[in-house]
């Protein structure tokens, strides 16, 4: 078989282990793998590179993706879908493995449904917000980066008697913020799934200071909904090809509100793309490898229109249609457990 593989959307630690797993599995069976560069853009334009066991053997420790990525949406223009189908045919592909989040996999699902294109999906996002899989690779690395950052920020916050607001990624799911806050002993956590109570947050911070803790750490997810107060403004947002608003700026707003209401000097640190960079943790290397091997096996077994997933400790496959279009938001129990420490 001749198999194409692409990585779409935001980059993520663990992508290269997946690529390595797919290549090894397909090549071990006598197949050939072609890398499509820059996500769906490469699939449309036919920008490719050959992938072999030899040139993918030592990429497991590398962050990002050797194939490059983009947020290109083939369904933005009807002619792009047709060009993609033509490229698939011209390259002589028998199957296409798409590694990405809800947007990338949503395209793969539509191509299978609309054109019977032989697609297989592999879930990827640091946000951990994809349905039908318990954990996505990249999430473990992201929260470990957040924890390390907060451990460093804690010393300067304590030295200057400040409150520091740390803004994390996660879009409309609070997994990163909640688990980071829990692991880093944050004084308060704000997530999209829970209505923000600014008074309670400030009361907690003031009570901690009255009890002798002369600094504070607040973790806020970029998608948390905080209503601007008088005199405070939010930043203008951009929209990508999939119609998503570019988030960010809520951390600065929260920091301004805290300082205004408590009188305590407050700073904001936006971790941003630091969470997506660097080498993957051991957990993400192993998970990425297992998912890559699993995706390769789905291709060899000709089980198309499916997505490889982790459920419990087992690698399983589910329908792409079931795995896309529905956000996996933060489990309320996680937030309740975290909230024991800021009530």
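The values are calculated or read from the model by the stated rules, or taken from the named source; none is laboratory data. Values in this document were obtained by computation on a predicted structure and should not be read as measured data. As a convention, Cβ positions derive from the backbone with ideal geometry for all residues, glycine included, and neighbour counts pool all protein chains shown.
Observations, loosely collected:
- The C-beta contact set for segment 332-343 (first residue closer than 10 Å to residue 182 by Cβ, second residue part of a helix (DSSP H, G or I), distance under 6 angstrom, 6+ apart or interchain) comprises 334/178; 335/178; 338/178; 338/181; 338/182.
- Matching entry among 25, 48 (being more than 20 Å from residue 288 (Cα to Cα) and surrounded by fewer than 24 Cβ atoms within 10 Å (Cβ to Cβ)): 48
- From 343, 313, residue being farther than 19 Å from residue 13 by Cα, surrounded by fewer than 16 Cβ atoms within 10 Å (Cβ to Cβ), more than 23 Å from the chain's Cα centre (by Cα) and not assigned by TED's automatic domain parsing to the domain that holds residue 201: 343
- Test: residue in segment 260-267 that is free of Cβ contacts under 8 Å to residues at least 12 places away in the same chain and within 20 Å of residue 157 (Cα to Cα): yes
- Condition met for residue 190 (under 18 Å from residue 265 (Cβ atoms) and not assigned by TED's automatic domain parsing to the domain that holds residue 311): no
- Criterion violated by residue 274 - all others in (1) modelled with pLDDT of 95 or more; (2) assigned to a helix (DSSP H, G or I); (3) in contact with a helix residue (DSSP H, G or I) (Cβ under 8 Å, 6 or more places away or on another chain) satisfied: (1)
- There is no residue in segment 128-135 that is buried (at least 24 other Cβ atoms within 10 Å of the Cβ), assigned to a strand (DSSP E or B), modelled with pLDDT of 95 or more and in contact with a helix residue (DSSP H, G or I) (Cβ under 7 Å, 6 or more places away or on another chain).
- Here residue 19 fits the description: under 16 Å from residue 291 (Cα atoms), surrounded by 20 or more Cβ atoms within 10 Å (Cβ to Cβ) and either within 18 Å of the chain's Cα centre (by Cα) or at pLDDT 95 or above (or both).
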